[in-house]
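The values are calculated or read from the model by the stated rules, or taken from the named source; none is laboratory data. Just so it is clear, the structure is predicted and the values come from calculations on it, not from any experiment. Ideal geometry is used to build each Cβ from the backbone, glycine not excepted, and the neighbour counts take in all protein chains shown.
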């Protein structure tokens with residue numbers, strides 16, 4: 001008799017249990033990701049200004065997008081971000097590959113060196129930015145000081161101000177900070193690499209360069225593409241280092257997408273327009289991620305890793 | 001012509017010497033198998049011939065040219081590895097042609113040679129697959145194909161069959177032998193499996209603890225092992241070895257075992273032993289069989305009775321397990337009949353085919 005009472009309750013609870021257990025995750029996703037995402041998408045179609053909340057309901061259609069697409073400052077920031085991304089990622093890949101190959105050959109003290117290699121990642125990007133700002137400062141910077149003492153330069157070089165140099169110093173700081181991400185991932189790849197194909201290639205007539213080119217590098221490419229995917233997202237949202245070192249200036253010479261978005265959104269308080277830019281930037285990131293993922297899957301297919 | 005000479009070759013890892021002064025002459029087109037238990041230095045020796053390990057001392061020459069300081073790619077060799085070592089990101093066709101491509105051969109030659117090798121190994125259907133899509137046996141075939149296409153002076157095989165299952169191993173063994181008959185080349189083959197060594201080799205090189213123990217044709221090594229190690233390593237089941245002492249009985253030298261069992265010393269060994277000498281008596285399972293179930297015995301026969309503890313029928317023959325003076329021994333029975341456990345049977349021992357080893361050194365007294 002008692003079982004008759006329990007049965008329906010059990011049945012009902014069984015139906016609801018999965019939904020109940022998943023609900024916290026769904027709630028978090030809805031309120032933390034989905035709502036803000038939709039809200040910012042909505043605001044990108046309004047004339048929303050932070051200091052005038054009532055503008056939140058000022059629907060202006062795609063005018064924000066029209067404005068930024070016809071703004072040549074936006075396009076130069078967009079282009080600069082792509083250039084920054086391309087140069088930084090490639091430099092970090094090449095340097096990281098070199099470091100990984102060298103560390104892989106060390107037999108004594110490798111662990112210590114691996115730890116030391118990670119040091120740059122332990123600092124906040126803001127602090128790295130300050131550090132390089134003072135190293136590259138034209139009056140009191142240690143670099144100019146050294147160049148002048150060595151007699152390599154007679155004047156003060158305006159590292160953070162001159163047109164190509166400003167970008168160069170920011171890339172330099174970025175590369176300094178993040179090359180170890182590539183190095184550590186590629187090193188993991190080298191550790192996982194089977195030795196037999198390398199020896200087979202040696203016997204097959206390859207010189208050391210050919211072994212690297214035809215065997216080692218193809219094996220490492222999946223690892224490189226994983227690093228590229230992660231890093232492309234990181235670099236595409238670069239803000240802190242740039243803001244600290246140059247603030248996107250002078251005269252917008254080092255302006256990247258996110259420094260521009262932050263300035264338009266917070267300094268000029270045109271949040272609607274800033275959100276429109278942010279959506280373009282997200283599209284750029286998605287494009288890069290998609291590109292690297294395609295490459296990754298193609299590279300992994302041959303290794304027998306995927307599918 | 002590609003003969004290989006090893007002159008007093010040694011290999012050290014740090015202070016540890018693992019190969020102690022090996023001397024070996026391998027003739028042109030000869031199939032030589034290095035065999036021994038793991039850690040005996042056979043793979044290291046092969047890798048020194050390949051150039052994948054540095055030679056610490058001595059000299060290796062291939063085709064009359066000293067190769068000590070030559071990189072592997074300049075030695076004109078190819079090698080088949082235990083784990084196949086195929087290039088995972090290339091198709092079978094690319095794997096086969098890779099060595100030729102590196103050697104900057106023309107496309108026509110590459111295609112012709114690759115197709116030729118594919119035909120020899122019947123892997124034409126697999127040409128566009130990647131190694132991940134192949135079975136173990138197919139990978140092994142591709143690995144051999146990759147070795148063939150370059151027409152090298154020397155083939156090196158490093159335990160190529162040990163990752164395959166038993167049936168495939170037997171099949172591939174035959175194919176390797178067939179391959180050697182088709183593609184006449186010097187082959188150095190490393191294995192820990194004495195059956196592979198016996199079946200494949202023109203000459204077997206038995207190694208132990210970094211030394212060469214015996215070199216010879218398979219049957220020579222089988223019939224005339226130089227010491228107890230070779231006697232128990234080569235041949236299946238291993239040779240029965242029973243310790244005893246030489247004594248004079250009824251005017252003839254006998255080996256006296258524990259529990260007062262005896263066995264006459266074979267006539268051709270009578271002048272090699274003295275009374276009181278400690279020896280190890282050895283005989284193969286085929287040389288001690290129950291009467292009416294044995295092969296015809298050449299030379300002197302000796303009769304004895306043995307209780308059979310266990311019988312393992314294999315079809316054409318049955319393996320019999322007994323205890324003889326404290327030693328476990330295996331004998332064989334042809335035209336088998338059912339044997340009850342504990343049954344006492346009359347055996348014939350082919351005395352002239354038995355062996356005597358010095359108890360201290362383990363060396364054969366046949367000299």
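Some points to look at:
- Some residue of region A:141-160 being in contact (Cβ under 8 Å) with a residue 24 or more places away in the chain, closer than 17 Å to residue A:254 by Cβ and either within 20 Å of the chain's Cα centre (by Cα) or assigned to a loop (DSSP other than H, G, I, E, B) (or both): yes
- Any hit, region B:71-90, residues being more than 23 Å from residue B:30 (Cβ to Cβ) and away from chain A (no Cβ under 12 Å): no
- Residues being buried (at least 24 other Cβ atoms within 10 Å of the Cβ) and facing chain A (nearest Cβ under 9 Å) - total across region B:96-107: 2
- In region A:216-235, the residues that are within 13 Å of chain B (Cβ to nearest Cβ) and touching a residue at least 24 places away in the same chain (Cβ under 8 Å) reach residues that are outside any helix (DSSP H, G or I) and surrounded by 22 or more Cβ atoms within 10 Å (Cβ to Cβ) with C-beta atoms within less than 8 angstrom, at least six apart or across chains, in these pairs: A:218/B:89; A:219/B:89.
- Listed by first and then second residue, the pairs linking a residue in region B:290-311 that is crowded, with 16+ Cβ neighbours inside 10 Å to a residue that is in a loop (DSSP other than H, G, I, E, B), with Cβ atoms under 7 Å apart and 6 or more places separating them unless they lie on different chains, are B:293/B:335; B:293/B:336; B:308/B:339; B:308/B:343; B:311/B:339.
- Only listed residue being within 20 Å of residue B:119 (Cα to Cα), assigned by TED's automatic domain parsing to the domain that holds residue B:53 and more than 21 Å from the chain's Cα centre (by Cα), chosen from B:168, B:134: B:134
- Residue B:118 vs. criteria within 32 Å of the chain's Cα centre (by Cα), at pLDDT 90 or above and more than 19 Å from residue A:198 (Cα to Cα): yes
- All of (1) surrounded by 22 or more Cβ atoms within 10 Å (Cβ to Cβ); (2) free of Cβ contacts under 8 Å to residues at least 60 places away in the same chain; (3) part of a helix (DSSP H, G or I) hold for residue A:205 with one exception: (3).
- Any hit, region B:225-233, residues being part of a loop (DSSP other than H, G, I, E, B), within 23 Å of residue B:92 (Cβ to Cβ) and assigned by TED's automatic domain parsing to the domain that holds residue B:32: no
- Single unsatisfied condition, residue B:151 versus (1) out of contact with any helix residue (DSSP H, G or I) (no Cβ under 6 Å at 6 or more places or on another chain); (2) within 18 Å of residue B:199 (Cβ to Cβ); (3) at pLDDT below 90; (4) not in a helix (DSSP H, G or I): (2)
- Filter result for residue A:55 (surrounded by 11 or more Cβ atoms within 10 Å (Cβ to Cβ), out of contact with any helix residue (DSSP H, G or I) (no Cβ under 6 Å at 6 or more places or on another chain), part of a helix (DSSP H, G or I) and modelled with pLDDT of 85 or more): yes
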